[in-house]
Amino acid sequence: MDRRTFVLLTGTVSSGLVRAPQARRTVGIGRLRFELDDHHRWSLWYYGEGSPVPLVGNRRPPGGDAVVVRGRAAGVWVEAELLAAGGATTPQASVTVTIFPDRFLPTVRGVRFFQLPHAELLAGDGPLVAVVNGAHSADSCHVVTVGTREAEELASHAATGLTRGTHGLAIAFDAGEPGNARVQLSRDGLEAVSDWLPARPLRPEGDATRMRLCFHPEGDGLEALRTLFVPSSPVDQERLAQAVAPTGWCTRSEWPGTVSEGDVIANLDFSAANFDRRFFRHIELDDGYQRAVGAWDMNDRFPHGHAWLTDQIHARGFKAGLWVAPFGVAEGSGVPAAQPDWLLRDASGPVVCETREAWGGKVYALDGAHPKAQQWLFDLARRAVREWGYDYLRIDRLRWATVGTTHFGGLTHAEAYRAGLGAIRDGLGTEAFLLASGAPLQHAMGLVNCMRIGPDVEASWSGIQPPVRAAGLRSFYHRSTWLNDPDCLVVRPPLSQAAAELWASIVAVTGGLALFGDNLPTLPPDRLPLLQRTVPVAPVAGGAIETGGAERDMAPALVAGDDLYPIGGPWRFRTGDDPSYGSRGFDEDAWETIRVPQRWDEAGHRDYVGFAWYRTRFQLPKQGDAKTERRNVFLELGQIADADEAFVNGVSVGKTGDLSQGGRGDPQAYRRYRVPPDTLNWGGENVVAVRVLGSGGIWSVRRSRPPRLWVAEGAPRWWTVVVVNWEAEPLDVSLPLAALGVKGAAFDAYDVWRDAPVANLKAGLPLTLEPRAARTIAIRPAAARPQVVGTTRHVVQGAVDIADEIWDASTRTLRAKSTNLDSRAYAVTIAVPKGLRPGACKADVPCTVKRLESGHAVLQWAAGGDGRDIRWELNFKSTTGTRKGKA
C-alpha cells in the first residue's frame, strides 16, 4: 500500500469522521489506530482489551489516531488524511485522499486506497467472507469466501462487508465524488479503488475522495455495515426513523407493459373497498401507459389522460404515483432526431440502450451533464407533479445515464449521473416523493427518498428468492440512507399459501415499501388477508441475522449430507429431442463437448430456442468406501434456462417447468433432485442426462440461498422472528434465542400466521418447518403477570396496534389500548401465568373472552374497530386458595 499507488485509480468531497452510534451489542471498549511506516505504507489496527488486532495491513510502527501525509508524485500534490475514532464499541475510521494540481492539470484515472492479500485484512481465524454489493440496485448481491473460485473477479460496489471469525469490517464510499468506488476481489486478495470514468483533468481547486471503515469486534460484516451507515447527524437519524414508507398497489407485476385504464380503475375501486385508506395510500401506474419512452403522455389504452386518472385516484382518497425512465428517449419520442447533441455516445455514435417496439424502437440515453438535457429532466418532473397531478415519481433505468465514453463538460459518469438526478429532484420539489429503480447506488444517496434494492419479483418459489436475498444483504441502507423497496408484494398463485406467507413476512419485518402487485379483484379469497396484515408498514428496520453463508459452487454434483461427489464432465450436448437420449445405454460420443456452466448461445448456438440434451458420465466409490447415508442423495445441477427434466441411469429424478412448446420455465430455480437409492451404481459408472427446453441451458451453478433468520423489534423487547426453510424437504431446527439478539430466561411466544400461542419457550426456539415455508413467531420475555403476546392485526407484533399496556396488581387487571384497527375481525392473545385465570372483559366496543387449554386468554371483536381505537381491560382471578380448607 505505497502512498504512490493512491494516484492510480477515485475520490469524494466530504471529510471528517462519522460519529459512532450506539452499538447493538455491548463489548469491551476499544479504538482504532492508524500506523504508518517509513515508506508511507499505512495499516489500521484495533486496540481493545487484548492484543492489537490488524484490520487493514499488518505493519505496526509508531502512528496515531490521526495521520496526515502530504507529498508530490506524478505531477500532482497528494494529501491523505487518516482519522480514527476512539471511545466506541464499534469504532470507525476514514481515509480521505485529496489530489491538487501542481503546474498543470493532469488527467486522473482514479485513486487506489489499498491492494492487499486477503490474509492482511481483518486478521483472525478462519476464511475471509465478503458481502458483495452489486453496482446497480437490480444487480444481485452475493456472500462469498475471498480467495476461492466463486469469488474470482467479483467487485463489491460502494459498500462491502467482511467477516472473519467473530469480527466484522465494513468499507464504504461517499456519494458526490468523481468516481465509482469498488472493492475488487480476486484469488490473490482485495483492492479498494475509485475509478474516474471517463478519466478527466483535475479541477484547479483539487478533487477528493473518502473511504470509511467500521470495525465490529463481535459481529459480522453486515452488522458492521449497519453501524457504519447510521447517519452521523441526529437530525438525519430522526428524519429517517420517522419517515413513513408508502403502502399501496402498483401495475408492474401483473401487467408489465400492457396495463390499461380499466385495469387501474378496477383495482382502485377494489382497494377503496378492502383496505384502510388511512394507511393504504398509493396507487402507482407503471410501464405501459406511455406513447414511447421519452414521450410520457398517454397512449390509446388510457383515453382520458393523466390528469383525469389522478383525479380518480385522489377522489377515492389515495395518492398517485407514476413510473418513468427519465434518461431514456426512444426514436418514437422524436427527441433523438430533434436534439442529437443531448445523447450519450461512444466511438460508433449515439449509444442504443435497448430496442423495444412497445417503447418506440431504439432507446437512446440523455447526457445528465448537458445543461439542456438537465432542463428537460427538470421540466418532466415538474410536469408530472404540477400538470398531471402525481404525488410521487418512480424513476427507472437510471443506469442508462452512465453509458457512453464522454459527457458534456468532461464530467465523469458519476458526476453526470448525479447532475441529472439533481435536476429531477429540483423539478419535483421538496414535497414530492422520489423513488429510484435500476439505479447505480453510490451516487443516488442524498437525492432519493426510496430505492428498489433488488431484482424483480415473480410469483413463483424461485421468483421471490432474489428479492429476499437483496432485502437481507442490503438492509444496511434502510432508514439510514433511504427507505428500501424490496419490490412488489405478490401473493397470487402459483405461489403456494406458505410461500406467500413467507414473502409477506419478509416484506413486513424489513419495514420497507409495501406495494401490492397482484390483480386484486381476481385473488383467491384466502390471499387477501395476507396483504391486509402488512398494512400499515411497521416503523421498523428488521433484517437478516445471518448473511446466508458463503456457499461453495457444488453443482453439478451428487450430494448426500456432508459427502460430495462432483460430476466434472466432460459434458456432451446436442440440440433437438429424442426420448432415447435419456436412456442409460445411449452413446453420446459423437455429440459436441460443452462447458458447464455456460449459456449455449455462448457455445456456438446463438439465438437457439428449443429442445436440447446434456449427457455426462461419472464414477461413484464402492458401497464399503462411502460413508454417506444413501437414502437422502440429491443431484444438484444449478440453474437452467428454462425448463428441464433430469435422468440418472435412465431414471427420471425430477423436472422443473413445463416441457411443452410455449410452456413456462423457471431459469432462476436451483435444480436439486432427490435420487432413488437403487438408481445409483456404487463402485461403477453412472450416467446423467438432462433434457432442456428453453433459451440457454445450464447457465449457472451458484446457489446463493437467501438468509433463513430474520428479526424485527416491534416494541422494546417484543420481537418478531421469521425462520425460513428454503429446501424442498421438511426441516427440524432448534435456534438459540440469544444468537438472534433475544435475551432472557423464559419467553411467551405467538405463532403469527396460525394465530396461536407457542408454549414452553426457554433458551431455544424448536420448530418443525414444512418444505419451502417459514414460521413467523412473536417473542416476549416471560413476566410474572399477564401480558399480550400477539394479535391478528399485523405481522410485526407490538409495532402497530397495542399501546398503553399496564398491569394493575392491586385489582389484577390488565389494561391496554388497541389502535389502528380496521373492520376485520380482531383478536388479542394474552399469556396468563399459573395461578391466574381470565375473568370479565370491559371495552369501548363489546368483546368476548375465550380461555385456551394452554391457559392463554383470547379477547375477540367480531367486527374489529372499524377505524376506532378500543380501550379495554381484562380482570383476572386467582386459582389458588379456593378449595376447601384453603384461605
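Across the stretch 756-788, the qualifying residues are those that are of a type outside the set (A, V, I, L, M, F, W, C) and closer than 21 Å to G542 by Cα, and the one among them that is surrounded by the fewest Cβ atoms within 10 Å (Cβ to Cβ) is G764. Within the option set L513, L520, being in contact with a helix residue (DSSP H, G or I) (Cβ under 6 Å, 6 or more places away or on another chain) and within 22 Å of D487 (Cβ to Cβ) holds for one residue only, L520. The residues in the stretch 307-331 that are closer than 30 Å to A369 by Cβ, open to solvent by 10 Å² or more (accessible area, probe 1.4 Å) and in contact (Cβ under 8 Å) with a residue 40 or more places away in the chain can be counted, and the count is 0. Residue count for the stretch 131-179, restricted to those that are of a type in the set (S, T, N, Q) and open to solvent by less than 10 Å² (accessible area, probe 1.4 Å): 4. Would you mind stating whether A514 is without any contact (Cβ under 8 Å) to a residue 40 or more places away in the chain and among the aliphatic types (A, V, I, L, M)? In short, no.
Considering only residues of the stretch 143-183 that are among the β-branched types (V, I, T) and more than 24 Å from R703 (Cα to Cα), which is modelled with the highest pLDDT? Going through the qualifying residues, I end up with I171.
R824 meets the stated requirement of being within 26 Å of E713 (Cβ to Cβ) and out of contact with any strand residue (DSSP E or B) (no Cβ under 7 Å at 6 or more places or on another chain). For the stretch 332-377, filtered to residues that are of a type in the set (A, V, I, L, M, F, W, C), within 16 Å of D396 (Cα to Cα) and not in a helix (DSSP H, G or I), the residue that is most open to solvent (accessible area, probe 1.4 Å) is C353. The set of residues in the stretch 252-268 being of a type in the set (A, V, I, L, M, F, W, C), in contact with a Gly (Cβ under 8 Å, 6 or more places away or on another chain) and open to solvent by 30 Å² or more (accessible area, probe 1.4 Å) consists of W255 alone. For residues in the stretch 381-399 being open to solvent by 10 Å² or more (accessible area, probe 1.4 Å) and hydrophobic (A, V, I, L, M, F, W, C), which is nearest to A416 (Cα to Cα)? The extreme case among them is V385. Sort out which residues of the stretch 569-587 are among the charged types (D, E, K, R) and part of a strand (DSSP E or B), and write them in order of number. Across the stretch 569-587, the qualifying residues are R572, R574. Do the conditions hold for D748, that is, is it modelled with pLDDT of 95 or more, closer than 23 Å to A857 by Cα and open to solvent by 50 Å² or more (accessible area, probe 1.4 Å)? No. Among the residues of the stretch 207-215, not a single one is at pLDDT below 90 and either open to solvent by 10 Å² or more (accessible area, probe 1.4 Å) or not hydrophobic (A, V, I, L, M, F, W, C) (or both).
Quick test for you: out of A337, A320, pick the one residue that is more than 32 Å from the chain's Cα centre (by Cα) and aliphatic (A, V, I, L, M).
Sole residue among the options that is more than 32 Å from the chain's Cα centre (by Cα) and aliphatic (A, V, I, L, M): A337.
Quick check on A816: is it outside any strand (DSSP E or B) and either surrounded by 14 or more Cβ atoms within 10 Å (Cβ to Cβ) or not aromatic (F, W, Y) (or both)? Against the criterion (outside any strand (DSSP E or B) and either surrounded by 14 or more Cβ atoms within 10 Å (Cβ to Cβ) or not aromatic (F, W, Y) (or both)), A816 does not qualify.
Of these, A612, A590, A643, which one is outside any helix (DSSP H, G or I) and in contact with a Leu (Cβ under 6 Å, 6 or more places away or on another chain)?
Answer to the selection: A643.
Count of the stretch 730-756 residues, restricted to those that are assigned to a loop (DSSP other than H, G, I, E, B), out of contact with any helix residue (DSSP H, G or I) (no Cβ under 7 Å at 6 or more places or on another chain) and touching a residue at least 60 places away in the same chain (Cβ under 8 Å), is 3. I need the full set of residues from the stretch 714-729 which are under 23 Å from the mean Cα position of the chain (by Cα) and either β-branched (V, I, T) or not in a loop (DSSP other than H, G, I, E, B) (or both), in order please. Across the stretch 714-729, the qualifying residues are G714, W719, T720, V721, V722, V723, V724, N725. Do we find a residue being assigned to a strand (DSSP E or B), among the aliphatic types (A, V, I, L, M) and more than 29 Å from G683 (Cβ to Cβ) anywhere in the stretch 593-607? Within the stretch 593-607, none of the residues are assigned to a strand (DSSP E or B), among the aliphatic types (A, V, I, L, M) and more than 29 Å from G683 (Cβ to Cβ). The set of residues from the stretch 233-267 being within 17 Å of L515 (Cβ to Cβ) and basic (K, R) comprises just one member, R252. Filtered by the rule that a residue be open to solvent by less than 60 Å² (accessible area, probe 1.4 Å), on the phi < 0 side of the Ramachandran plot and part of a loop (DSSP other than H, G, I, E, B), the stretch 664-690 gives G665, D666, P667, A669, P676, L680, N681, W682, G684. Does any residue of the stretch 438-446 turn out to be more than 23 Å from the chain's Cα centre (by Cα) and open to solvent by 10 Å² or more (accessible area, probe 1.4 Å)? No; the residues of the stretch 438-446 include none that is more than 23 Å from the chain's Cα centre (by Cα) and open to solvent by 10 Å² or more (accessible area, probe 1.4 Å).
Within the stretch 789-811, work out how many residues are open to solvent by less than 20 Å² (accessible area, probe 1.4 Å) and part of a strand (DSSP E or B).
3
Of the strands (runs of 3 or more DSSP E) contained entirely in the stretch 825-881, not one carries at least 3 residues that are in contact with a Lys or Arg (Cβ under 6 Å, 6 or more places away or on another chain), within 22 Å of V795 (Cα to Cα) and open to solvent by 40 Å² or more (accessible area, probe 1.4 Å). Here R345 meets the list (1) in contact (Cβ under 8 Å) with a residue 60 or more places away in the chain; (2) in contact with a strand residue (DSSP E or B) (Cβ under 7 Å, 6 or more places away or on another chain) almost entirely, failing just condition (2).
The values are calculated or read from the model by the stated rules, or taken from the named source; none is laboratory data. As the structure is a computational prediction, the values presented were derived from the model and not from experiment. Heads up, the Cβs are rebuilt from the backbone with ideal geometry, glycines too, and the neighbour counts pull from every protein chain shown. The protein model used for the area step is the full one, side chains on, heavy atoms only, and it has no ligands, DNA or RNA in it. Shrake-Rupley method; radii C 1.70, N 1.55, O 1.52, S 1.80 Å.
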